[in-house]
Amino acid sequence: MRGDSSAISEAAKNGWRLFQSDDLACTACHSGYDFTDYSFQNNGYFDTYSDSGRALITGLDSDVGKFKVPTLRNVELTYPYMHNGSVDSLAQIIR
């Protein structure tokens, strides 16, 4: 993040390019030094939600299924994933 091109491997650099790509659009929500924009979003991962998400607080139908965008810092250490811990691996999320 500070511009040291020797800090990460070529594979990591390729991953970073994908992460920033328009096709994946990860940085639309996972931005900044913490890799989060601190917003609430529905990423469409689930078709239905037993937990109404942000709507529980706001009372707005438009907030159903919206949860705080998590930081990606140390993401490999913070499983299980998603708002309810229903995903066990990063590979599952990427697929």
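Overview of results
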| quantity | calculated |
| --- | --- |
| Projected label distance in nm at Asn43 and Ala91, using a 7 Å step from Cα toward the beta-carbon | 1.8 nm |
| Amide H within-cut-off set for Asn42, under 5 Å, with H built and near neighbours excluded | Phe67 |
| Rounded to the nearest 20 debye, dipole of the chain from Cβ charges on Lys, Arg, Asp, Glu | 180 debye |
| Sequence of Thr36, Thr71, Thr48 from largest to smallest accessible area, 1.4 Å probe | Thr48, Thr71, Thr36 |
| Listed residues Val75, Val64 arranged by accessible area, highest first, probe 1.4 Å | Val64, Val75 |
| Largest to smallest accessible area among Arg17, Arg2 [probe 1.4 Å] | Arg2, Arg17 |
| Whole-Å distance, taken between Cα centres, linking the range 6-25 and the range 66-95 | 19 Å |
| Relative contact order computed over the chain (Cα-Cα under 8 Å; 6+ residues apart), in percent | 19 percent |
| Radius of gyration and Dmax over the Cα atoms of the chain, both given in Å | 15.1, 48 |
| Accessible area per residue, Å², the chain with all protein chains present, probe 1.4 Å | 76 Å² |
| Surface share of carbon and sulfur [accessible, 1.4 angstrom probe, percent] for the range 54-95 | 55 percent |
| ³J(HN,Hα), Karplus 6.51/-1.76/1.60, whole Hz, each residue of the range 57-66, x for Gly, Pro | 8, 8, x, 8, 4, 5, 9, 4, x, 8 |
| Amide H within-cut-off set for Val87, under 5 Å, with H built and near neighbours excluded | Tyr81 |
| Length gained when the stretch Leu24-Ser6 is fully extended (0.36 nm per residue, less Cα-Cα span) | 4.0 nm |
| Lys/Arg +1, Asp/Glu -1 at C-beta; the chain dipole; positive extreme among Gly44, Asn14, Gly65 | Asn14 |
| Thr58/Thr78 FRET efficiency (R0 35 Å; Cβ-Cβ; nearest 0.05) | 0.85 |
| Net charge of neighbours whose Cβ lies under 14 Å from the Cβ of Ile57, counting Lys and Arg as +1 and Asp and Glu as -1 | 0 |
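The values are calculated or read from the model by the stated rules, or taken from the named source; none is laboratory data. Quick caveat, the model's predicted, so the values are computed rather than measured. Because the Cβ atoms are built from the backbone with ideal geometry, glycine has one as well, and the counts that use them run over all protein chains shown. Accessible surface areas use protein heavy atoms only, side chains included; no ligands, DNA or RNA. Shrake-Rupley method; radii C 1.70, N 1.55, O 1.52, S 1.80 Å.
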